[in-house]
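Engineer: Take a look at this one; I'll ask things after.
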Amino acid sequence: VIILEDTRNKPEKNKHIREQLEALGYKVERSKLYCGDYSWATNQSVCIDTKQGLSEVVGNVIQDHERFRAECIRAKEAGIKLVILIVEPKVTCLADVFAWYNPRLRYSKKSTTGRQLGKILYSMREKYGVDFQFCKKDEIGNKIIELLGGG
C-alpha cells in the first residue's frame, strides 16, 4: 500500500515519519499533494498535515494565517477531510491546548497563550471542518495510518 508524502515537505526533516511508515509495511512516495503532507495514493479524501509542535501551529495560525486559512478552505471545498496532526508530548486533545504554556511568553508578554490558541483552533474547526489531533513523536506513523482510516 502506497502513502504519498508532499514534495514540499523537506525530506530530511520528516525522515523519522517515513521510517515509521515503512516499518509498518507501507511504501512512501513523494508527490505534490493538493493539501496536507500525507495521504493514500489511491484515495486522497483524507489528508494529514503534520506539525512539529504547537509553536509551529502558532506560526501558522498567527503569522501565516491567510495561507493556512486558504489551505483549510481549499480542502473543505474539495471535500477533503484535513487533519492537522501535532506532535506535542503533553497535549492529547484540543481541550488540552488551553493549558499549554507557550515558551515564547518568557520573552514577550504579547506571545500567543494556550487559551488564545485553543480559541483559534476551535474556531477553525467549526468554520472549516479541519480536525486537530495530537500524538508523541514516536507514535506519528501509527497515528497517520489510523487517521487515514487504515491499520
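The values are calculated or read from the model by the stated rules, or taken from the named source; none is laboratory data. Just so it is clear, the model here is predicted, and its values are computed rather than measured. Backbone-built Cβ (ideal geometry, glycine too); neighbour counts: all protein chains shown. Only protein heavy atoms, including side chains, enter the accessible area calculation; ligands, DNA and RNA are left aside. Shrake-Rupley method; radii C 1.70, N 1.55, O 1.52, S 1.80 Å.
Let's see how each residue does on (1) farther than 30 Å from Leu24 by Cβ; (2) touching a residue at least 40 places away in the same chain (Cβ under 8 Å); (3) of a type outside the set (Asp, Glu):
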| site | (1), (2), (3) |
| --- | --- |
| Val61 | yes, yes, yes |
| Ile86 | no, yes, yes |
| Asp96 | no, no, no |
| Ala99 | yes, no, yes |
| Gln133 | no, yes, yes |
| Lys136 | no, yes, yes |
| Gly141 | no, yes, yes |
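Engineer: Let me ask something else about it. Please give the helices (runs of 4 or more DSSP H) falling wholly within region 20-134 in which 2 or more residues are basic (Lys, Arg) and more than 24 Å from Lys10 (Cβ to Cβ).
Structural biologist: 114-128
Engineer: A further question follows. Is it the case, given these coordinates, that Gly79 is in contact (Cβ under 8 Å) with a residue 12 or more places away in the chain, open to solvent by 20 Å² or more (accessible area, probe 1.4 Å) and small (Gly, Ala, Ser)?
Structural biologist: yes
Engineer: Sticking with this structure for a sec: For Ala70, work out the one condition from (1) under 14 Å from Gly36 (Cα atoms); (2) open to solvent by less than 30 Å² (accessible area, probe 1.4 Å) it doesn't fulfil.
Structural biologist: All conditions are met except number (2).
Engineer: Okay, next question. In the list Gly149, Gly129, which residue meets the criterion of being within 19 Å of Asn43 (Cβ to Cβ) and exposed (fewer than 13 other Cβ atoms within 10 Å of the Cβ)?
Structural biologist: It is Gly149.
Engineer: So which of Thr112, Thr92, Thr50 is of a type in the set (Val, Ile, Thr), open to solvent by 30 Å² or more (accessible area, probe 1.4 Å) and modelled with pLDDT of 95 or more?
Structural biologist: When all the criteria are applied, what remains is Thr92.
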